[in-house]
Structure formats: structure tokens, C-alpha cells
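Asker: Quick one: the structure is below, questions incoming.
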Amino acid sequence: NTLTIHFFFSIFDLNYLPYAITSIFLHLVNVALLFLLAKKIFKGIVLPLIVTTIFGISASIYQATTWVLADIGVHFATMFALLCLITFFEFLNSRKQTLFWISILFLIISLFYKEIAIGLFILLPISYFLFGSNKTKKYPSIILGICVIYLLIRVAMIFLPQSYTRDVLATKSQSHQELAYNFLTYPFIAISQSIIPTSSLLGLSYFIGSSLPEEITGDKDTTAYGQFVEKRVLMFVIIFISFIVIEISIYFLRRSGNNFKKVSAFGLFLILLNSPIFALAPERTGKITIIDSRNLYFIVIGTSFLLGCILWSLKSTVFKAGLMFIFLALNAYWLNMQI
């Protein structure tokens, strides 16, 4: 990641425009790669287009593209993670060992940019048993073995001498209880904030907070009121929305085919396995209720698969088209507001 940033800086210097063009281009590359991945999972072209469109226009992930320095790590990490998944699903279809090792290589490169896809160490074995025809334990065991080696090296890095660092370990800024709380709640935060942008969730939380008595919230002109809304009320809203999404998913997917259930499980596991890592973000303090928009970028891929399956499970074509239009219109509005 550092080498790539240095490369772009050596070409563009401090000229913002080429960075912005590159950032949008990289996002479009990831959109195209997601389409290729969806085509390998689904039959036909309509559902892959729906999944890709949901990801491409999502307002929840605006920061990953509009913040032109942060975008390099996020976009490239996501790009190689998608290449990992595409190659792995191709391996499941062809059974060529070379493709398996190429997919692992892509995953390692992705982690060298940013560790947002570290959950693939678990998701790949799950995908192997969900979508693979041969249920041998050989390949999942290899993946988990590489995962253990990677984590041991990663932990060892903490104890290596450093000449200079600005980061503080999460264990220095948070208690063990707070870390455990964040690990457990981050998947729910990720589900809700990857569907509805954080600013809208905050607006809803403040609306709810304004209707509560001051004996509970505190004086509405104080910092304590803001903390109450952005911690307790927002967490209530997050848990409620996540519960609704999960219940709707279970309801519709019970009525859908076996492949849809597998894909929905794939999308849900992608969210659940890749969101807790952000609890280890350095210099974050206390119980965290907001995931930075750029950190939702890879997670929204799982949300896109989940929403696509729910939408496609509906029987009425008119209803499908109407919901898709409303979703895209709202995201276009939110995206414009954020930018």
C-alpha cells in the first residue's frame, strides 16, 4: 500500500484531479469484478446486474472513493479480494489446483494493502462446502493452516522494534470488555450501516431522542444529550434494523431455491466475518457505534448479495422493479448529499 501511494504521488504530485479520476476508475473496476463474481455464482445476467448496481451506487461506502488517499488501500484490497473469490469459484468449477493457489496469492496481496478481507480465511472454506461438489477436507485445512501462519506472523510484528509509528494498538485505547463488546456488536452495525448511510441513521436517532423525556436523555443543549443519542439511541436503531433485515431474509429465503439460500449465507457470512476486524482499529476509544464509511466498502459486497437474493425472491416483477427504483433513488440522493 505504501509503495502504491508513493507510485501515484511520484506521477500526480499534489494535483487532485488525476487522483479523483483514478479513484472513480478503481471503483468501477471493482464494480466490474463483482459482476464477474456474481455471474459465477448465479445463472443468467439480471441478478448479477442487480447485485452489482446495489454495490456500485451504495451511498454507505462513499468515503472509500471520495477520500482519494484512503481509496488506494481500500480499492486495491477489495480488488484483490474479489480476484481471490473469482479465482476460487473458478477452482470449484474446474478443480485445477493452480487456481486454488492463485486465489490464496490474491488474498495475501489483498491483506498487504489493507486487512479488510481477512475474514476470507474462514469464508473460503465455508464457500468450499457450500458450493463445491467434492467435500474433501484437504483444501479447507490448507486455507486454515495458512491463516494460522499469517496470524502468528501478524502478532509477532507487534513485538518487533519500530523506528517510528503514529498508531496505538486497540488494546492500549480500549479495555478488554470494550473490545469484546465491539467485536460482538460490529456485525449488527455493519448490516444496518451498509444498507442505510450513517448520517441517515444518526438523523433518525436524533429524531427519536427529541421525543424522549429529558429525565432520560439529559438537557438537549448539552454534550451529554449528544452522547446519549449517538451511543444508546443509535445502537437501539442499529439492532432493530439489523433484526428486521435478518428476519426478512429468513422469511423470504425459506421460500426460495437451494442456490439462493447458499448465496444468502455467503453474503451474510461475508458481513459477519469481515466486520469484527474494525474493532481493532487503533486509537478508537470506548464502545463504538459507527463504522467509518470507507471500512464498509468490502462489507457492502455481502449486503449486495443478501439484498439481491431478497429482492429476487419476491414474486411480483412490478414490486421488484419498484423496490429497486426506490432503493437506487434514495442512494443517489444520499450519495449526492454526502459528496
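Asker: Just to confirm a number: summing +1 for Lys and Arg and -1 for Asp and Glu over residues other than Q338 whose beta-carbon lies under 14 angstrom from that of Q338, what do you get?
Answerer: 0
Asker: Counting only protein heavy atoms and a 1.4 Å probe, tell me what percentage of the chain's accessible area is made up of carbon and sulfur.
Answerer: With neighbouring chains kept in place, the figure for the chain is 69 percent.
Asker: Given a 1.4 angstrom probe, what's the average accessible area per residue across region 75-123, in square angstrom?
Answerer: 35 Å²
Asker: For a paramagnetic label modelled at 7 Å from the Cα of L130 toward its Cβ, which residues of region 295-339 fall within the zone defined by backbone nitrogen distances under 15 Å?
Answerer: Zone members listed by number: 299-310.
Asker: Please state the shape class of region 1-152: rounded when a/c is under 1.5, otherwise prolate if a/b exceeds b/c and oblate if not, all from the C-alpha gyration tensor.
Answerer: Cα axes put region 1-152 in the oblate bin.
Asker: What is the extension gain from I239 to V148, computed as 0.36 nm multiplied by their sequence separation minus the C-alpha to C-alpha distance, in nm to one decimal?
Answerer: Value of the extension gain: 29.6 nm.
The values are calculated or read from the model by the stated rules, or taken from the named source; none is laboratory data. All values reported here derive from a predicted model rather than from experimental measurement. Here the Cβ is made from the backbone with ideal geometry for all residues, glycine too, and neighbour counts use every protein chain on show. These accessible areas exclude ligands, DNA and RNA; they are computed on the full protein's heavy atoms, side chains included. Shrake-Rupley method; radii C 1.70, N 1.55, O 1.52, S 1.80 Å.
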